[in-house]
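J.: Sharing a structure here in structure tokens format.
The values are calculated or read from the model by the stated rules, or taken from the named source; none is laboratory data. Bear in mind the structure is a predicted one, so any value in this text is a computation, not a measurement. Positions of Cβ are backbone-derived with ideal geometry, glycine not excepted, and every protein chain shown enters the neighbour counts. Accessible surface areas use protein heavy atoms only, side chains included; no ligands, DNA or RNA. Shrake-Rupley method; radii C 1.70, N 1.55, O 1.52, S 1.80 Å.
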Amino acid sequence: MSSLIDLFPHPSHSLAGHITHHVLAVWSLGANRSVLEAAYKHEAALQHPVIEPPGVVTANNYHEHLGDDNYFSAYVEFFRGQLEQKGTSAVLDEFVFSPSANGEHAKPSKAISRFTDNLVHPMIHIGYGLEFGIPGLVVEGLALAATLKGDRVEPLFPSSLFAHRNLSQTVIPKLQNLVLDDLKAPSHGASNPHLHAFNILNRVIKNHSFDGTLDPQTFFDDTVNAHWKVLSDYAQEWAHDISDRETALVKVEELHWTVGLLYAVNGVNKAAKDSPIHADFFLMHLVTSSLFLPSYIPNLSPASQKVLLQAYMTVVLAWWASRGRQALDIAQFYASTTATPALPSFTTKHPSWALTQSSENPWFAVAQHAIFHPDDHLCKIQRALAHYAAVYGTRHARAELLDGTLFIRAAGLTAERTSQASDEGKSFVWDVSWVQQPEQESHL
């Protein structure tokens, strides 16, 4: 995989290159060498050559070229040296989450704004590096964040986000990088004595200041500009009690349930008559990016964990509100979907010696479909949903009827939706239209 270093995602385009994302996602799902090579070739055709930077980036001029994508390679070299000298945890804290990285001198925007900009792709790219233990991806993700503008999300992060950092919390924990499979979710009895993420969703649904039709071209910018204060306040109230790793992991679990709920239940509520789900391109990215939260937690100080989770919650609320903030009819979702989706498999014949001729685990077909599908986002969302099903599949969440089958239901619907255009010989395109639905009663 060393040859991937030769192709950097260049941030002058609307979304970062996905070559490493695709290859690592299908590899983690069980793809063999031929699939990995095919995925690499498919994505390599979309990559752009590395641009020679106008100059070098040093500690003395680091702030002078922020937001300038011509300096991407220069920032790669800068962060390579920083990681070698200080280590991943210290660099993340210093250049992304610290007050100094988010002060008035951080132009064109705060570091946290650039980190969550571009549909949180810097966070995703760094997250792959943390999860799979590839420092080069952390370096590239930091360089991507440094060269984005961040102005679209800048209003969401007031200076108060960094105002109450406890100095005793800034010591970086000396922990190994956390692999997803090593994460032990909080026990079923663990609960947040304060505000749950679902309570925040209800507040947004019931807040009529969000009412009105959004422009299909400027929906996100309009939402941020009009509602940044209430969105950031909601997130701050939700995150105010994060003070240690245990509390942070409880909040991570809440976010996993939240993004799955917003993508799946919202998607079924908005689906066209001939479609199983409105596979929202933007809400899909909330699912794929949330998968990396467990890999961030052990690499951050408690103070930085709080900044990360509060900022991420703010972005989740902003994207969801910008997509219409429909009430979440969980009862209708469960009544119209199945926890045992019958998906076509490439190997459906059972041998005569099989213990049973009954249907196989639906996740086999979900993974197989995702591995071979050319759209790199599909393998990423199915990987996230499969992980959540493995961790939370036997749970009941804090909402009417909501249980761990949410994730296989979402995965089955997504597989069916992504097969529709593909089976007709057309390229699948995620749903990006903004759909206004009548007001419904929420069941959270």
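J.: For the subset of segment 224-248 comprising residues that are among the small types (G, A, S) and surrounded by 15 or more Cβ atoms within 10 Å (Cβ to Cβ), which member is nearest to S304 (Cα to Cα)?
T.: The qualifying residue nearest to S304 (Cα to Cα) is A248.
J.: Could you please tell me which pairs satisfy a Cβ distance under 9 Å, a separation of 6+ or placement on different chains, a first residue in segment 403-421 that is touching a residue at least 60 places away in the same chain (Cβ under 8 Å), and a second residue that is open to solvent by 20 Å² or more (accessible area, probe 1.4 Å) and basic (K, R)?
T.: What qualifies is Q420/K426.
J.: Only one of these is without any contact (Cβ under 8 Å) to a residue 60 or more places away in the chain and either in contact with a strand residue (DSSP E or B) (Cβ under 7 Å, 6 or more places away or on another chain) or open to solvent by 20 Å² or more (accessible area, probe 1.4 Å) (or both): H373, H396. Name it.
T.: Going through H373, H396 in turn, just one is without any contact (Cβ under 8 Å) to a residue 60 or more places away in the chain and either in contact with a strand residue (DSSP E or B) (Cβ under 7 Å, 6 or more places away or on another chain) or open to solvent by 20 Å² or more (accessible area, probe 1.4 Å) (or both): H396.
J.: Turning to a different aspect of this structure: Against the definition (surrounded by fewer than 21 Cβ atoms within 10 Å (Cβ to Cβ), touching a strand residue (DSSP E or B) at 6+ places or on another chain (Cβ under 7 Å), modelled with pLDDT of 95 or more and not aliphatic (A, V, I, L, M)), how does F220 come out, yes or no?
T.: Against the criterion (surrounded by fewer than 21 Cβ atoms within 10 Å (Cβ to Cβ), touching a strand residue (DSSP E or B) at 6+ places or on another chain (Cβ under 7 Å), modelled with pLDDT of 95 or more and not aliphatic (A, V, I, L, M)), F220 does not qualify.
J.: Taking segment 133-156 on its own, how many of its residues are over 19 Å from Q310 (Cβ atoms), surrounded by fewer than 21 Cβ atoms within 10 Å (Cβ to Cβ) and not charged (D, E, K, R)?
T.: 4
J.: Ok, one more. Can you pull out every residue in segment 359-396 that is under 19 Å from L286 (Cα atoms) and part of a loop (DSSP other than H, G, I, E, B)?
T.: D375
J.: Shifting gears a bit: Of all residues in segment 191-217, which are small (G, A, S), surrounded by fewer than 18 Cβ atoms within 10 Å (Cβ to Cβ) and part of a helix (DSSP H, G or I)?
T.: S209
J.: Just give me the residues in segment 27-55 being of a type in the set (D, E, K, R) and in contact (Cβ under 8 Å) with a residue 60 or more places away in the chain, in sequence order.
T.: E43 - this is the single residue of segment 27-55 that is of a type in the set (D, E, K, R) and in contact (Cβ under 8 Å) with a residue 60 or more places away in the chain.
Yes or no, residue by residue, for (1) of a type in the set (K, R); (2) open to solvent by 10 Å² or more (accessible area, probe 1.4 Å); (3) over 12 Å from the mean Cα position of the chain (by Cα):
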position	(1), (2), (3)
A264	no, no, yes
F282	no, yes, no
S289	no, no, no
F292	no, no, no
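J.: Take A390 and decide whether it is within 23 Å of the chain's Cα centre (by Cα) and open to solvent by less than 30 Å² (accessible area, probe 1.4 Å).
T.: no
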